[in-house]
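Reading through the structure tokens given below for one structure.
The values are calculated or read from the model by the stated rules, or taken from the named source; none is laboratory data. Just so it is clear, the structure is predicted and the values come from calculations on it, not from any experiment. For neighbour counting, all protein chains shown are included, and Cβ atoms are generated from backbone atoms with ideal geometry for every residue, glycine included. Ligands, DNA and RNA are stripped out before the accessible areas are found, and what is left, the full protein with its side chains, is counted by its heavy atoms. Shrake-Rupley method; radii C 1.70, N 1.55, O 1.52, S 1.80 Å.
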Amino acid sequence: KRGESVLINAASSGIGVASLQIARWIGAKPVIGSSRTPSKLPVLTPYGLETGIDASLATWSDAVLEATRGNGVDVVIDSVGADVLGGNLRCMGVRGRLVSVGRLGAQRGEIDLDRVAAQRLKIIGVTFRTRTLEERIACVQRVAADLLEPLSTGEINPVVDRTFPMEEIAKAHDHMETNSHIGKLVLTMR
């Protein structure tokens, strides 16, 4: 919501860059993003990043708290998973929401249930794999209602790092493994 603070883990990923743009468009403040590759963070400013956090540092969650003047973030958009779960919980504000959209790092982690209870935190899992067709249609309709206008005006744009012909899928995978891309890698059909 407008005025809420947000932390976007793996901010240079496709989901991360889209989340940055959506947060900026909604009016989130501050828009914080993390990356284990700090050189990527300055490149994300045009997409809405206000504060970049080096997630390779053990103190990254303290940096998030500092950026929110000790209040913690209202929303975490997490596509990393268990590798950052503890840090995410530490830097969330009272009644914060963690939205788990991916598990690039690890699927299983420990949760400090006392922290979850004391701060009244919510952990929200997101996937399309287990949704019915009706639920998928409803999601697409909601996204269209909320985001079609900024997409049509160019306030939000898909960010494609590189395209690869389908025949070069191995090269695309190799490029992805370098972790040097910003946004999505796209496979094309001839």
With residue 96 itself left out, Lys, Arg at +1 and Asp, Glu at -1 over residues whose Cβ is under 14 Å from its Cβ give +3
Between residue 180 and residue 113, the two model label points (7 Å from Cα along the beta-carbon direction) sit apart by a distance in nm of 4.7 nm
Across 5 Å bins beginning at 0, the whole-percent shares of Cα-Cα pair distances in region 1-92 come to 3, 17, 31, 28, 18, 4, 0
For Cα extents along the principal axes in Å, with candidates [x] 48, 45, 36; [y] 59, 36, 32; [z] 55, 37, 32, the value calculated from the shown model is option [z]
Of 26, 169, 8, 77, ordered by accessible area with the largest first and a 1.4 Å probe, the sequence is 169, 26, 77, 8
Residue ranges of DSSP H helices in the chain that stretch 15 Å or more (Cα, own long axis) and have mean Kyte-Doolittle hydropathy of at least 0.0 are 14-26, 133-153
In debye to the nearest 20, the charge dipole size for the chain, taken about the Cα centre with +1 at each Lys and Arg Cβ and -1 at each Asp and Glu Cβ, equals 380 debye
Restricting to Cα pairs under 8 Å and 6 or more apart, the percent relative contact order of region 146-190 works out to 45 percent
Burial-style ranking of 103-115, 81-93, 124-136, 54-66, average other-beta-carbon count within 10 Å with highest first, yields 81-93, 54-66, 103-115, 124-136
Links exceeding 22 Å between C-alpha atoms in this model, out of 40/184; 1/122; 122/184, come to 122/184
